[in-house]
Structure formats: C-alpha cells, structure tokens
Amino acid sequence: MPLWSRAAWAADLPALPIPPLLTPDAQGKLALALQTGEMNWLPQAATKTWGVNGALLGPAVRLQRGKAVTVDINNRLPEASTVHWHGLEIPGDVDGGPQALIAPGATRTVHFTIDQPAATCWFHPHTHGKTGHQVMMGLGGLVLLEDEESSKLPLPKNLGQG
C-alpha cells in the first residue's frame, strides 16, 4: 500500500477524548494524582499507560491570573516523578523540576499565584533522565490561564465546544 494510505487507518481508531476541565475549589485548591492506567487502542490490545487523574494524560487545569492556587500532587506511580508547570512564570521551588521529586506514595503540595497574561500552557513531569519516558507513558495536561482581557474575547467558553 502507498504511504499516504496509512492515514486512512486512523479513521477506524478511537479518538482521544476531550480532557476534563479541572478548576480550583472555593479555597483555591486542586488535586492531581499521578497514576497507572490502561487503554485499549485496538481490540484485544491493551496498552499500559500513565495519566493524571485518569488512565491517560491529564485534565485541562483552568487558572485565573492573580488568584492563589494550592495543588496537592499525589504520586501513585511505581517510580518518582514531578509536575513541571511549563510556561507558567512561577518561582523555581514550586515549578517541579528534577530537584522536586515526589516518591511513590508521597504527596507534594505547592502554592503559587500566577501574574502573567492569559496563555495556554501545559504540565508534565521533569524527572532527570526520565522526562521523555514519563511523558510518552501519558503524563501531561493542559493549563488554561485566563485573565480579564481573555474573558472579554469572543472565544468558546466551554472546553471541547466550538
């Protein structure tokens, strides 16, 4: 078969779901659980995956500029990991680099207030020597940072809807 025909096979595969939306509660808190999972991409072909608050990938975390947030990160994986807030302008001690390992079974709590314009960012592990592997297993999610200006734009307000 010609190379271009391989794209036609994708039409028969299940679509990636729209990630759930996660917002801080009234106290500015939210919880992330790094966990193992399993996905069935093909009939009778289960694949081991990792995810955040689910089997694969993570939620879309909606944050507001200028509002404090507290994040409890629980590591239910069989190895240490981190959560790096890619693109957020926050202090290094809460940004989840390789120095901020969360051991299996442990929880790390971080507090920060974002003071930057609206942006679409993401979070992912940043474990020394294992970042690529952990991301490919499925650890990662969106960060939807909003501000006063972005809330006035005529953009969709519901995740996954046009």
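Would you please classify the overall shape of the range 67-133 from the alpha carbon gyration tensor, given that a ≥ b ≥ c denote the square roots of the eigenvalues, rounded means a/c under 1.5, and beyond that prolate means a/b larger than b/c while oblate covers the rest? Could the numbers behind the result be given before it?
Numbers: a/c = 2.31, a/b = 1.57, b/c = 1.47.
Prolate, because a/c is 1.5 or more and a/b exceeds b/c.
Check each of the trypsin sites (Lys or Arg not before Pro) in the range 69-162 and keep only those in coil by DSSP with at most 15 other C-beta atoms within 10 angstrom; list them in order.
Values: sites: 76, 108, 130, 152, 157; in loops: 76, 130, 157.
Here the sparse-neighbourhood loop sites are 76, 157.
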If amide H atoms are modeled at 1.01 Å from N in the peptide plane, then the residues at a separation of 5 or more from residue 29, or on another chain, having amide H under 5 Å from its own are 70
Quote to one decimal, in nm, the extra length available between residue 48 and residue 67 on full extension: 0.36 nm per residue of separation minus the C-alpha distance between them. 3.2 nm
Check residue 63: other-chain or 5+ apart residues with amide H under 5 Å from its amide H, H built from backbone geometry? 144, 145, 146
In the range 99-162, taking the dipole from +1 charges on Lys and Arg beta carbons and -1 charges on Asp and Glu beta carbons about the Cα centre, the listed residue (134, 122, 154) farthest towards the positive end is 134
What is the extension gain from residue 155 to residue 86, computed as 0.36 nm multiplied by their sequence separation minus the C-alpha to C-alpha distance, in nm to one decimal? 22.5 nm
If you place +1 on the Cβ of every Lys and Arg and -1 on the Cβ of every Asp and Glu, how big does the dipole about the Cα centre of the range 55-162 come out, in debye to the nearest 20? 320
Where the accessible area of the chain is counted over protein heavy atoms with a 1.4 Å probe, how much of it, in %, is carbon and sulfur? 59
Nearby lysines by direct alpha-carbon distance to residue 130 (threshold 20 angstrom, same-chain neighbours under 8 apart not counted): 48
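The values are calculated or read from the model by the stated rules, or taken from the named source; none is laboratory data. What you see is a predicted model; the values in this text were computed from it and never measured. Reconstructed Cβ throughout: ideal geometry from the backbone, glycine too, with neighbour counts over all protein chains shown. These area figures cover heavy atoms from the full protein model, side chains too; ligands, DNA and RNA do not enter into them. Shrake-Rupley method; radii C 1.70, N 1.55, O 1.52, S 1.80 Å.
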